[in-house]
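Reviewing the structure listed below.
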Amino acid sequence: MKEQTQILHSIPVDPLTGSISTPIYQTSTFVQDAPGVHKGYDYARSNNPTRKVLEDTIAKLENGTNGYAFASGLAAIDAVIKLLEAGDEVIAVDDIYGGAFRLFTHIYQKFGISIKYVDTTNAQNVADAITDKTKLIWIESPTNPTLKISDIKAIAAIAKANDVLLCVDNTFASPAAQKPLTLGADIVIHSATKYLAGHSDLIAGLVVTSTQELGDKIKFIQNASGAILGPFDSWLAIRGIETLTLRIKQHAENAQKIAEFLLEEKLIKNVYYPGLPSHHNHEIAKSQQKYFGGVIAFDLVIDDKEIASAIVSNTKLFKLAESLGGVKSLCCLPCEMTHKSIPTEKRYSSGVTDSLIRLSVGLEDADDLIEDLKQALEIAVKQSTNKNATAAV
Ligand SMILES: Cc1ncc(COP(=O)(O)O)c(C=O)c1O
């Protein structure tokens, strides 16, 4: 069976009523027949039938054994880090999502977990960084925001050889494009806020494990820490997943056209998109991703925050907002928005310059999106010409 058919039909018809749409069980508790005798549900933090459908669906989609839904992507990341103990060490991708950096550095280092940031685009760097304290390798591929690609299979082999867990944040690719567990990863997390839900209308996180044993540990943490996803948001995420493959195909098709257009623009220095043959790890992306995704980043020949701001402030279809993965296109300036919490030097070392712009390409017609970028770039060109003229006076 093809994936889209499988997704739609792995979401069960409600066994109680035949409802084709998963019912929203908006309840905090479940009546028991006798103390401890119930229908599999006792208290909605521990389990909820609507959330369970989402959890089982993402586990199937990622080829995992167990799935768990959290109140946000960061709550999902938090649950995975709670597998560790004081004294343990994490090797994390250097171009990491700003919120994960903040959580690792400002919360978990306080509890004795140390983090080493490494350029994981070369798997050998990971092997070189491992010590006997390393318990977890954390990668995103593609990364947020510079779309770096790491070789998941190669890093998984290094992790296995050293008895270290590998967790992949699969938010940018989505399971429609990439399945890290089939490449040897142990855990996958998602900000389901993005492509999985797909409509910019909720905040959610998911964890999928490759074994029941790991799944039981995450389940324990989910219940013990309590950052669960509510039933209505679970339902919205299920509804989003029903169209995931269709959306991802179109996001990627649009993004490829736009990335090729940006390559020709004189104001632009680098275009980061895994679907471009010029991308540093294009071949690896091709080997592990079915689609290259809907996010593009680019920076400017003149690394000037004001000029970059002029671009993102003058697009009309690309709305200036944090987040990505929704049906409507968004743009942002990471240095002032998503990646503001990363110290400037570290930000620059991972390629997030002051002029770096991130586009989340939506499902509008690609030609309209290109026209929108063209007119915003023209305004920025005028601004940079005026600036140069003023500087010359
Ligand atoms: C790659 C990645 N992982 C995790 C997160 C955190 O997800 P959330 O905002 O749902 O907490 C984000 C948010 O932008 C992200 O881009």
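The values are calculated or read from the model by the stated rules, or taken from the named source; none is laboratory data. Since this is a predicted model, take the numbers as computed values, not measurements. With ideal geometry, Cβ positions are generated from the backbone for all residues, glycine too; neighbour counts draw on all protein chains shown. For accessibility, only protein heavy atoms count, side chains too; no ligands or nucleic acids. Shrake-Rupley method; radii C 1.70, N 1.55, O 1.52, S 1.80 Å.
Per residue, the accessible area of the stretch 3-241 comes to 39 Å² when a 1.4 Å probe rolls over the protein heavy atoms. Taking all protein chains into account, the per residue accessible area for the stretch 246-392 stands at 45 Å² (1.4 Å probe). Relative contact order, whole percent, for the chain stands at 17, derived from Cα pairs under 8 Å and 6 or more residues apart. Of the beta bridges in the chain, as assigned by DSSP with both residues counted there, near 55 percent are antiparallel. The long axis of helix 49-61 is offset from the longest Cα principal axis of the chain by roughly 60 degrees. Dipole of the chain computed with +1 at Lys/Arg Cβ and -1 at Asp/Glu Cβ about the Cα centre; of THR5, GLY64, ASN48, farthest Cα towards the positive end is ASN48.
Protection proxy ranking, highest mean first, for peptides 248-259, 176-187: 176-187, 248-259, where packing is the per-residue count of other beta-carbon atoms within 10 Å, averaged.
Label reach from SER341 (point 7 Å along Cα→C-beta): in the stretch 104-125, amide nitrogens under 11 Å belong to 104-108. Annotation: amide H-H contacts under 5 Å for ILE115 (H modelled 1.01 Å from N, sequence separation of 5 or more, or interchain): VAL90. What's the whole-number percent of alpha carbon pairs in the stretch 246-392 lying beyond 21 angstrom? Result: 42 percent of Cα pairs exceed 21 Å. Here HIS106 sits with roughly 110 square angstrom of accessible surface, probe radius 1.4 Å. Using 1/(1 + (r/R0)^6) with R0 = 56 angstrom and r between the beta carbons of ASN162 and ILE379, what's the FRET efficiency to the nearest 0.05? Once the sixth-power term is evaluated, E becomes 0.60.
Pairs spanning more than 29 Å between alpha-carbon atoms, out of LYS160/LYS340; LYS39/LYS217; LYS116/LYS179; LYS148/LYS257; LYS219/LYS319; LYS194/LYS269: LYS160/LYS340; LYS219/LYS319. Comparing mean-square fluctuations of TYR117, TYR195, TYR68 from a GNM of the chain with C-alpha springs under 10 Å, the top value falls on TYR117. The fraction of accessible area contributed by carbon and sulfur in the stretch 246-392 is 53 percent, rounded to a whole number (1.4 Å probe; ligands and nucleic acids excluded).
Of the GluC sites (Glu not before Pro) in the stretch 74-144, the ones in a loop by DSSP (not H, G, I, E or B) with at most 15 other beta carbons within 10 Å are GLU85. Of all the accessible heavy-atom surface of the stretch 3-241, with the other protein chains kept in place and a 1.4 Å probe, what percent is carbon and sulfur? About 55 percent, which is the carbon plus sulfur part of the accessible surface.
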